[in-house]
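The values are calculated or read from the model by the stated rules, or taken from the named source; none is laboratory data. Keep in mind it's a predicted model, so treat the numbers as computed, not measured. Glycine also receives a Cβ, built like all others from the backbone with ideal geometry; neighbour counts cover every protein chain displayed. Please note that ligands, DNA and RNA were not included when accessible areas were found on the heavy atoms of the full protein model with its side chains. Shrake-Rupley method; radii C 1.70, N 1.55, O 1.52, S 1.80 Å.
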Amino acid sequence: MPGAAQARDLLKIGVLDYAGAEHSRDHWEPTRAALAAALPDHRFEIVALDLSQLETALRENQIDFVITNPGNYAEIEQRYHVSRIATAEDDAPVASTLVTTSDIATLKDLAGKRLAIVSPEAFGGFQTVWLEMASADAGLPRRVKLEVTGYPMQKAAEAVLDGSADAAVLRGCMLEQLRRDAPARYGRLHAFAENEQASAEAGCALSTPIYPGWPFAKARGTSPVLAKRVAIALMQMQEGNFWTVPLDYQPVHALMRTLQIGPYARTGPVSLRAFVSDYRDWIIAFGIALMFWGIYSVRIETLVRRRTRSLDEANAALTREIAERKRAEEADRRHRRELEHVARLSILGEMATSIAHELNQPLSAISNYAQGCLLRMRVGRFTEADMQRATQEMADQAERAATVIKRIRAFVGKRERRLDRVALPALIEDCSAIYSGSARRAGVEVVTDIAPVLPEIIADGVQLQQVILNLVQNAIDAMGEEPPENRWLKLRVVPHADLMRGKGVRISVRDRGYGMSDAAMDHFAEAFYTTKSEGIGLGLALSRSIVEAHGGWMRAERPEDGVGLRVIVWLPEGESA
């Protein structure tokens, strides 16, 4: 927008736009036309601006005259040194109307409601109603939620109609104008909290008193001589807009002084009286809260002393209880280790004949090789190469026997739980050295199916051996009365992801024995429950406790063909619980 000093023949009149630029230009067109006729040496242009644009235009000297509401004038008069030369007459009254579609009837009914306004800086669009609310109840403005819609002012009415606000603030007599222009749209709106005296004076529903009309003011850089000619032309208008001498704007200043806005906004130190007045409710609430806090503190102090004594007594008793519990837990751990040791000895006892056979084989081989060597030496047909080969064979068989004994000693020895990385294929191979003889003696074929790629697990290898040997021995025992062709069990190890616990390894032992009844399945792996005639019911219970201690689970199920039983053990990948 070019500055006024750059085009002397063009004079720009900034008009506050509250209902749309077209409405502003049409409404003030008679004033522009009268000035153009009275001052033919100048051209006049109406420029519709909102509040912020109007201030920018004055600050940058872009307009020569201003037509605005009284509240905005009181601010720009002090800030930009404008001066009024006329006041609008017979125009819409400078007042506000509260409208709604609900049953809101009074100002106090607005507490907790949403109020649509065009702007907090709007005089007739908010500030006049703000004063009325503060006069009715000093705390009411804080309990009303403002919904700022912006210009034009019809947006505030639309907010009520579309349900985004409960009430709205309109300029005086605008409700009647909207009803005339679009009765189908705005017919549901009605005014409330009416000021009867102001409404009777204006001939339309108003909720606030009437304030002085809109001023026509000159900007700071406009020539006083030109302003005088413009003022004379305004007073002489006989149609369209009517103007009179500048009125007294003290009611406007009184409103701003009460609300402490505009030129009366507090910017310096706040006096004690003003502070108490502003925050009286908060100070009273704080004083009451402080009093209750004092009473509460005394009560709490008494209770704390009383309960401290009780806690000291309870703490001493708890210390004794913890010591007793630790002793009981340690005894339980020792008892559990004893049970695990007994279970391993029991498994080893069941496999004793097979283990003896495993040891007899390498011992018999060593004896045969030794006797063969002696015989060949007697007849003189023993060479150095024969001696080396025989000696190597005897050494290999001795190593084989030592390995069996070493594994058995590691299995049955008493020891603390020791976690380490375990490769399951090697663990299964160690187990096979113990159970293979028992399986051959019972005529049972053991089929192993181990996945080529398995994750390592963190576990106690000896305890897992105990679980696998117990499951295999149970499977062998279950097939004791089956025909020879049906005596086989399958030991399968594959990666398996549990839906709840993540990745891991699944170990399953499936036999073709007599299986378990429904009642027995309900008691699977319970302590002291067994289906064996000579069993004590501890093997499976201990196995399950070992698996669960490693963060896994163990359960039994019937195979798909319904023959025998399948016991499944799942262990998590990585470090277990």
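For the chain, the longest principal axis of the Cα atoms and the long axis of helix 21-38 meet at an angle of about 20 degrees.
For the chain, relative contact order (Cα pairs under 8 Å, six or more residues apart, normalised by length) works out to 11 percent.
Using a 1.4 Å probe on the protein heavy atoms, what percent of the accessible area of the chain belongs to carbon and sulfur?
Reported share for carbon and sulfur atoms: 53 percent.
The string of couplings for the stretch 70-78 from the Karplus curve (6.51, -1.76, 1.60, θ = phi - 60°) is x, x, 5, 4, 4, 6, 6, 4, 7 Hz, one whole number per residue in order, with x for Gly and Pro. For the chain, 373, 431 have no disulfide-compatible partner, since no other Cys C-beta lies under 4.7 Å from theirs.
Scalar couplings 3J(HN,Hα) for the stretch 137-147, obtained by applying the Karplus form with A = 6.51, B = -1.76, C = 1.60 to θ = phi - 60°, are 7, 4, x, 4, x, 6, 9, 9, 8, 8, 10 Hz; x denotes Gly and Pro. For residue 496, nonlocal amide neighbours, meaning residues 5 or more places apart or on other chains whose placed amide H falls under 5 Å from its own, are 504, 505, 506.
Entry note, the stretch 5-155: relative contact order of 25 percent, from Cα contacts under 8 Å with a spacing of 6+ residues. For the chain, the antiparallel share of DSSP beta bridges with both residues in that region comes to about 65%. Couplings 3J(HN,Hα) of the stretch 157-164, computed from phi: 5, 5, 4, 5, 5, 8, x, 7 Hz, in residue order, whole Hz [Karplus 6.51 cos²θ - 1.76 cosθ + 1.60, θ = phi - 60°; x for Gly and Pro]. Simple spin-label estimate for residue 563 and residue 385 gives 5.2 nm between the two label positions (7 Å along the Cα-to-Cβ direction from each Cα).
Computed with a 1.4 Å probe over protein heavy atoms only, the accessible surface of the stretch 418-577 comes to 48 Å² per residue.
Dividing the radius of gyration of the alpha carbons in the chain by their Kirkwood radius gives 1.47 for Rg/Rh. Amide H to amide H, with H built 1.01 Å from N, residue 206 comes under 5 Å of 195, 199, counting only residues 5 or more places away or on other chains.
Eigen-decomposition of the gyration tensor built on the alpha-carbon atoms of the stretch 173-224 gives equivalent ellipsoid semi-axes of 32, 17, 8 angstrom, largest listed first. In deg cm²/dmol and to the nearest 500, what is the mean residue ellipticity at 222 nm of the chain if only DSSP H runs of at least 4 residues count, each as -39500 (n - 2.57), divided by the residue total? After summing the helix terms and dividing by the residues of the chain, the value is -16000 deg cm²/dmol. For the stretch 1-135, the spread of Cα positions along the three principal axes, ordered from largest to smallest, is 56, 28, 23 Å.
For the chain, the number of Lys pairs separated by eight or more positions or lying on different chains, with C-alpha atoms closer than 14 Å, is 4.
With all protein chains kept in place, the per residue accessible area of the stretch 53-180 amounts to 37 square angstrom at a probe of 1.4 angstrom. Kirkwood radius and radius of gyration were both taken over the C-alpha atoms of the stretch 57-176, and their ratio Rg/Rh is 1.02. Exposed loop sites here are GluC sites (Glu not before Pro) in DSSP loop states with at most 14 other C-beta atoms within 10 Å. What is the longest stretch of the chain lacking them? Of all site-free stretches, the longest is 61-238. Around the amide H of residue 564, modelled in the peptide plane, lie the amide H atoms of 513, 515, all under 5 Å away and 5 or more residues distant in sequence or on another chain. Taken over the Cα atoms of the stretch 15-87, the convex hull encloses 96 Å³ per residue.
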